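Below you'll find the structure, written out as structure tokens, and then a few comments.
The values are calculated or read from the model by the stated rules, or taken from the named source; none is laboratory data. The structure displayed is predicted, hence computed values, not measured ones. Neighbour counts are summed over all protein chains in view; Cβ atoms, including those assigned to glycine, are modelled from backbone coordinates with ideal geometry. Quick note on the areas: whole protein, heavy atoms, side chains included, nothing else; ligands and nucleic acids left out. Shrake-Rupley method; radii C 1.70, N 1.55, O 1.52, S 1.80 Å.
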Amino acid sequence: MIRSTVALARRALLGSLRRPQFLAPLVLFPSLFLAVNTGGLTRTTDLPGFPAVDGFLDFQLAAAITQSLLLGGVSQGIATALEIEGGFFDRLVASPIPRSAIVLGRILAGAGIAVMQVAWFLALGFIFGAHVQGGVPGVLLVVLIGAIAGTGFAALGVVLALRSRNASTVQGIFPLVFVILFVSSAFFPRDLLQAPASWVADYNPLSYIADGMRDPIISSISAAPALEGLAAAALVCVGFALLAVRSLEGRLRDA
């Protein structure tokens, strides 16, 4: 199981790295969105109740990372759907490897790309003057939460691919996930959101993932946001990974 999963993850990761046209949108669009928000919404840090930050860039980094990780899930879902359409998926099913390794390998590749995405935005932030108040442990915490969440989003992409079996459908469905992102505290403090957005944000796991990554950036590491961020990321990761395996089993029964 482990050898098959790692081998398939390596293949998927190398395939993604050979096609930068698929990787570039994962960081390009969120980077542009980060630049627009930082340039146009800087004065929002003066609002009563806004967390104390060195700059709006510090606050927005976690939002950009979360947005990029969701796009990474889109990428893994589209890649899986293309393998289904092209027949490679069926050849994997016919090969003498554990069936669950087929989806776990793709999800593991998504985890590797997620680490690169988090590293990109941290480096971008440092270049343009952002600070991580939590120091090196804070950076590691941001990478850890981002990697776990990115793994879960990759699993969600695989679930959609296995259910739809069509790359265009995956691409069309996934923007609905971004609606959930915009009704979280990723882009704006939860205390300053108005109902009903504030109600949704309180129960939205993306709020806790973004806040968990944001806390060590804008302040010293606090136990509650860190643990809540890790728990939300782990819930997304385990939940969608199990659902991906179940979706594979369902597809094999229908075949």
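Using alpha carbon centroids, what distance separates region 207-237 and region 80-158, in Å? Using only Cα atoms, the two centres lie 18 Å from each other. Between the helical axis of 135-164 and the dominant principal axis of the chain, each derived from Cα atoms, what acute angle in degrees is found, rounded to the nearest 10? It is inclined by approximately 40 degrees. Let me know the shape class of region 1-57, please: from the alpha-carbon gyration tensor, a ≥ b ≥ c as square roots of the eigenvalues, rounded when a/c is under 1.5, otherwise prolate if a/b is greater than b/c, or oblate. Since a/c reaches 1.5 but b/c is at least a/b, the shape of region 1-57 is classed as oblate.
Whenever you get a sec, compute what percent of the accessible area on the chain sits on carbon and sulfur atoms (1.4 Å probe).
On the way: 8100 of 11890 Å².
Carbon with sulfur: 68 percent of the solvent-accessible area.
Using only Cα coordinates, the Kirkwood hydrodynamic radius of the chain works out to 18.5 Å.
Taking the chain as a Gaussian network, Cα atoms linked when under 10 Å apart, which of ALA226, ALA114, ALA195 shows the biggest mean-square fluctuation? Comparing ALA226, ALA114, ALA195 in the GNM, the peak value goes to ALA195. Counting only protein heavy atoms and a 1.4 Å probe, the chain has 47 square angstrom of accessible area per residue.
Computed over all pairs of different Cα atoms, the Kirkwood value for the hydrodynamic radius of region 136-191 is 13.2 Å. Full extension of the chain between PHE182 and SER31 gives 52.7 nm of extra length, using 0.36 nm per residue less the Cα-Cα distance.
Taking 0.36 nm per residue of sequence separation and subtracting the Cα-Cα distance, how much length would be gained by fully extending the chain between ARG19 and LEU192, in nm to one decimal?
Values: separation 173, 0.36 × 173 = 62.28 nm, distance 4.10 nm.
Between ARG19 and LEU192, full extension yields an extra 58.2 nm.
Subtracting the Cα-Cα distance of SER95 and ARG253 from 0.36 nm times their residue separation leaves 55.2 nm of extension gain. Against the chain, whose longest principal axis comes from its Cα atoms, helix 2-17 is set at around 70 degrees. Let me check I've understood the local charge: for VAL132, count other residues with C-beta under 13 angstrom from its C-beta, Lys and Arg +1, Asp and Glu -1. What total comes out? Computed value for this residue: -2.
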